[in-house]
Structure formats: C-alpha cells, structure tokens
Amino acid sequence: MDALTQRQDDIMALARQHGRVDVDTLAQQFAVTPQTIRKDLNELCDRKLLNRLHGGAAYPSGVSNYAYEARRLLAADGKRRIGLRAADLIPDNASLILNIGTTTEQVAMSLRRHAGLLVVTNNINAANILREVPSAEVVIAGGVVRHADGGVVGEAAVDFIRQFRVDYAVIGASAIDADGTLLDFDFREVKVAQAIIETARKTILVADAMKFGRTAPVRIGHLEQIDVFITDEPPPPAIAAICNAAGVTLDIATEGQPVQ
C-alpha cells in the first residue's frame with residue numbers, strides 16, 4: 001500500500017481538526033481542481049481513513065479503529081520523527097519493552113543502530129525489525145497472535161511480561177482523552193500495556209497528534225504514570241498542563257530538533 005501524499009496527510013489533519021471536509025473548500029485551499037480533491041477523498045475513504053459524505057468526507061468518530069496497514073500511513077512522517085526521538089533517549093546496552101503499534105515500530109526501526117540492547121516485546125513486527133541486529137537480544141512474549149497486526153495478547157503474554165524489570169518501556173495508545181486518560185480498543189492489549197508500565201523503571205509514551213482527536217473504550221492508564229511523552233505536534237493546552245503538573249517531560253519531535 002502506497003504512502004499518503006503530503007496533500008492527503010494535510011487533508012486528514014484538517015478532517016481531524018474540523019470533523020469533516022468538503023471538496024470545494026479543499027480545492028480552493030490547495031489550489032487544485034475539485035476533481036483532484038475528489039480523487040484524494042475517494043482514496044482516503046477506500047482506505048477507511050475517512051467516511052464518505054455528500055460533497056466531502058468526515059473524520060471517523062466513536063470507537064471505530066483503523067486497519068493496521070492504514071494506520072501505518074497516517075502521520076507517517078510524524079511517527080518517524082517520534083521514533084528517532086525515542087531512540088535517542090535510550091542508551092546502548094539498555095533493556096526495554098516495546099508494545100504493539102505502528103509508532104513503536106518506528107522506534108524499533110530507529111533502535112537498529114544501537115548496540116547491546118535487550119528488547120522484550122509482544123509486537124511481532126518490532127521483533128522482526130530488530131532480529132537482524134547482531135548485538136541485540138530480542139525476546140518475544142507468548143500468547144494469542146492477533147491476525148490484524150501481529151500483536152501478542154492474552155494472559156500468557158501478561159504473565160510473561162511480569163517476569164521482567166527493564167530500564168525503559170516504550171508504549172503507544174490509540175487515543176488520549178482531554179483529562180489525560182490513555183485509551184485503547186482491545187482489553188487484552190490493554191492488560192499487556194499495563195503490565196509493561198509496571199515492569200519499567202522509566203516509561204516513554206509515543207503518540208502522534210492524531211491521538212488527541214480520537215476516542216477508544218478501554219483505559220490503559222493516565223499521563224501521570226508516564227515519564228516522557230513524545231509527540232509530533234504541540235498537544236492541546238489541557239494535555240500540556242497535565243504533563244506540567246505531573247512532572248511528565250513533554251517532547252515535541254520536530255525535524256532536526258536536538259534531544260533535550
């Protein structure tokens with residue numbers, strides 16, 4: 001599946017911000033023909049990223065989840081920058097746990113240049129990314145493998161994770177509520193994520209800005225449990241205030257920005 005174009009990525013951001021977009025306004029904003037915009041919207045709707053409306057499209061609401069391959073395309077550049085920033089915070093010879101998610105996969109990609117890592121994961125994709133690194137020891141959890149995304153979930157995975165005490169946990173979330181609650185769609189995945197947070201000396205949350213405009217039904221935890229939150233755009237003021245009050249390091253991953 002091809003990556004989104006820059007214009008399609010921008011259309012997704014506008015749809016997230018306003019709830020819906022219309023063809024004529026987008027055509028004027030991007031200085032292209034309505035036919036070009038219709039083609040973009042048709043492709044985004046075919047990929048289940050937007051819902052069709054007469055004269056435009058709407059951002060999905062409620063508790064619907066995107067297909068995993070489609071999620072890889074959303075905010076792809078932002079996720080890449082988040083991955084680089086997270087990897088910069090993890091030293092060589094560290095132990096860490098990565099959970100399921102397209103953003104944590106980007107962290108795994110950026111960790112390939114590290115030496116001497118012990119990586120525990122319930123993410124088959126992350127394990128495949130890191131297994132060819134000669135100096136990395138990759139340990140994968142046992143349990144039920146989800147067909148949709150290669151995530152390993154269930155009580156066996158939870159019990160396995162609880163055996164460890166690692167330096168870092170790197171976790172993602174499907175949504176971040178305005179009150180700082182971290183949310184996901186699968187209660188089995190949430191149980192594993194909660195165990196991961198409990199086993200780590202330091203927890204890094206990696207989530208792109210699209211997570212601020214979504215909701216999901218299952219509670220992982222709260223921002224107060226996080227040590228470092230890395231995202232790709234400044235969060236809403238309420239989220240920034242929660243981070244500040246709880247002593248959470250808020251790190252905005254912009255292109256070329258040095259690690260703070």
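The values are calculated or read from the model by the stated rules, or taken from the named source; none is laboratory data. This structure is a prediction, so every number in the text was calculated from the model and none was measured. When we count neighbours, we look across all protein chains shown, and the Cβ atoms used for this are built from the backbone with ideal geometry, even at glycine. Side chains are part of the model used for accessible areas, which takes the heavy atoms of the whole protein and leaves out ligands, DNA and RNA. Shrake-Rupley method; radii C 1.70, N 1.55, O 1.52, S 1.80 Å.
Does Gly142 satisfy the criteria of being farther than 25 Å from Thr231 by Cα and open to solvent by 10 Å² or more (accessible area, probe 1.4 Å)?
So Gly142 fits the description; yes.
With Ala115, Ala126 as the choices, which residue is in a helix (DSSP H, G or I) and either in contact (Cβ under 8 Å) with a residue 12 or more places away in the chain or surrounded by fewer than 23 Cβ atoms within 10 Å (Cβ to Cβ) (or both)?
None of the others qualify; the one that does is Ala126.
Answer yes if at least one residue in region 195-213 is within 19 Å of Glu155 (Cβ to Cβ), more than 16 Å from the chain's Cα centre (by Cα), open to solvent by 30 Å² or more (accessible area, probe 1.4 Å) and modelled with pLDDT of 95 or more, and no otherwise.
yes
Could you give every pair whose Cβ atoms fall below 7 Å, whose first residue belongs to region 90-106 and is at pLDDT 95 or above, and whose second residue is of a type in the set (Gly, Ala, Ser) and assigned to a strand (DSSP E or B), counting only separations of at least 6 or pairs across chains?
Matching pairs, first to second residue: Leu96/Ala169; Ile97/Ala169; Ile97/Ala200.
Would you mention how many residues in region 168-188 are in a helix (DSSP H, G or I) and either within 23 Å of Ala87 (Cβ to Cβ) or among the aromatic types (Phe, Trp, Tyr) (or both)?
The total comes to 1.
Are there any pairs, at least 6 apart or on different chains, whose C-beta atoms fall under 9 Å, with the first in region 225-240 and closer than 10 Å to Thr254 by Cα and the second among the polar types (S, T, N, Q) and not in a helix (DSSP H, G or I), and if so, which?
As it stands, the answer is Asp232/Thr254; Glu233/Thr254, since those pairs meet every condition given.
If you check every pair at least six apart or on different chains, which have Cβ atoms under 6 Å apart with a residue in region 189-214 that is free of Cβ contacts under 8 Å to residues at least 40 places away in the same chain and farther than 16 Å from Cys243 by Cα first and a residue that is open to solvent by less than 20 Å² (accessible area, probe 1.4 Å) and assigned to a helix (DSSP H, G or I) second?
Lys191/Val158; Ala195/Val158; Ala195/Ile161
For region 89-112, which residues satisfy the criterion of being open to solvent by 50 Å² or more (accessible area, probe 1.4 Å) and more than 17 Å from the chain's Cα centre (by Cα)?
Within region 89-112, Pro91, Asp92, Asn93, Arg112 qualify.
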